[in-house]
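Undergrad: One structure coming up, written as structure tokens, with questions to follow.
The values are calculated or read from the model by the stated rules, or taken from the named source; none is laboratory data. Note that the structure is a prediction, hence the values are computed from the model and not measured. Remember, those area values only see protein heavy atoms, side chains included, never the ligands or the DNA or RNA. Shrake-Rupley method; radii C 1.70, N 1.55, O 1.52, S 1.80 Å.
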Amino acid sequence: MPRPVLEESRIHPALRESVAGLHAATLREVQDAVAGQAVVVVGMAMNPYCRRARRALEGAGIAHRYLEYGSYFSQWRRRNAIKMWSGWPTLPMVFVKGMLVGGCDDLQKLIASGELQRLLA
């Protein structure tokens, strides 16, 4: 089932360019990292789940790229654009070979089950 997204025809023509370009540089940065790295963690400072996800990967000996966008006090608009793009409501967002696999708890389950290693093989 596809995610519901407001159809472009339902956005006034005067707003379409603005909507399409909203935080485009941030999204491009994330998309480029996801396309170019086997494992990417998108997170933010001060969030313990982002820290746990990175530690879990390090503990499993899995190299990853970490992208950090502000903290609880800054850059929420950039994070919101990433959340709207991915459809994932929280941070961290973990991508494996271009696929969103979830957050910290999801990552820990993948590591524990051996599924993460299979995805990377």
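Undergrad: If one takes the longest principal axis of the Cα atoms in the chain, at what angle in degrees, from 0 to 90 and to the nearest 10, does the Cα axis of helix 24-36 lie?
TA: That helix lies at roughly 30 degrees to the long axis.
Undergrad: Between residue 6 and residue 80, what length comes free when the chain is fully extended (0.36 nm per residue of separation minus the Cα-Cα distance, one decimal in nm)?
TA: Working it through step by step, the gained length comes to 25.0 nm.
Undergrad: Tell me the per residue accessible area of the chain using a 1.4 Å probe; a whole number in Å² is fine.
TA: Normalised by residue count, the accessible surface of the chain is 63 Å².
Undergrad: Taking the chain as the reference, fit the longest principal axis to its C-alpha atoms, fit the long axis of helix 76-86 to the helix C-alpha atoms, and give the angle between the two in degrees, 0 to 90, nearest 10.
TA: 80 degrees
Undergrad: Name the long-range amide H neighbours of residue 65: under 5 Å, sequence gap of 5 or more, or other chain; modelled H, no Pro or chain starts.
TA: 39, 40, 41
Undergrad: Related question: Share of the chain's accessible area from carbon and sulfur, percent, 1.4 Å?
TA: Here carbon and sulfur together make up 54 percent of the probe-accessible area.
Undergrad: Quick one: helix 104-113 against the long Cα principal axis of the chain, what's the angle to the nearest 10°, folded into 0 to 90?
TA: 40 degrees
Undergrad: Of 14, 53, 25, which has the largest mean-square fluctuation in a 10 Å C-alpha GNM of the chain?
TA: 14
Undergrad: Let me ask something else about it. Report D for region 1-111 in µm² per second (integer): Stokes-Einstein, Kirkwood Rh on Cα pairs, 10 °C, 1.306 mPa s.
TA: 107 µm²/s
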